[in-house]
Amino acid sequence: MIKDILDDARKRMAKSVDSFRADLARLRTGRAQPSLLEHIMVNYYGNPTPLPQCASIAVEDARTLVVTAWDRGAIDAVDKAIRESDLGLNPTTAGTVIRVPLPALTEERRRDLIKVLNKEAEQAKVAIRNIRRDANGHIKELLKAKDITTDDERKGEEQAQKLTDEHVKKIDEIVAAKEKEMMAV
């Protein structure tokens, strides 16, 4: 029974780490990456649509993304969505191609992005700790129902703590790598 609870906690913690990795793809580094624009929603004929579903995103060079709308009627909507995003980008349109130059990151902007990175990391760690709390709660319920002994409860909680420490360490490693990448000029 405890094994099932810990397996579920392990899966949920791994999903939290994966979700954190996906959130980091939106944080800008010095290079152009298509993932930077993938979360932008375009008002495509009155419906909010993710940008990758109405246009292709490619890297032209280290500082420029190229967005090619599949429908000529959507070009203005795609351009507007990129401009209005929280990324501070200024696209230029030429026919069916939208070029998105990425301005160089200043030292101050890099520091702000690292603060955002650390805030996201802390939220991921809190999610992992909440999963540990849920697992410990289930273990305590088993103890109350007299399905396990006090020793089993203690061992289960220790294993849950080990899982938590392991996943928090993964998040710290991801943060350290991303910080290094962001500070590289």
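Tabulated values for the structure
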quantity	calculated
Residues of the stretch 139-154 satisfying the condition of being in contact with a helix residue (DSSP H, G or I) (Cβ under 9 Å, 6 or more places away or on another chain) and either hydrophobic (A, V, I, L, M, F, W, C) or at pLDDT 95 or above (or both)	Ile139, Leu142, Leu143, Ile148
Hey, Ala135 within 30 Å of Lys155 (Cα to Cα), in contact with a Leu (Cβ under 7 Å, 6 or more places away or on another chain), assigned to a helix (DSSP H, G or I) and in the same structural domain as Val17 (by TED's automatic domain parsing) or not	yes
Test result for Ala14, in contact (Cβ under 8 Å) with a residue 24 or more places away in the chain and out of contact with any strand residue (DSSP E or B) (no Cβ under 6 Å at 6 or more places or on another chain)	yes
Scope the stretch 81-116; condition more than 24 Å from Ala177 (Cβ to Cβ), without any contact (Cβ under 8 Å) to a residue 24 or more places away in the chain and assigned to a helix (DSSP H, G or I); matching residues	Arg83, Glu84
Enumeration of residues in the stretch 70-117 that are among the hydroxyl-bearing types (Ser, Thr, Tyr) and either exposed (fewer than 12 other Cβ atoms within 10 Å of the Cβ) or within 22 Å of the chain's Cα centre (by Cα) (or both)	Ser85, Thr92, Thr106
Restricting the stretch 144-178 to residues that are within 20 Å of the chain's Cα centre (by Cα) and buried (at least 16 other Cβ atoms within 10 Å of the Cβ), the residue that is farthest from Arg10 (Cα to Cα)	Lys178
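The values are calculated or read from the model by the stated rules, or taken from the named source; none is laboratory data. Keep in mind the model is a prediction, meaning the values are calculated, not measured. All Cβ positions, glycine included, derive from the backbone under ideal geometry; neighbour counts span all protein chains shown.
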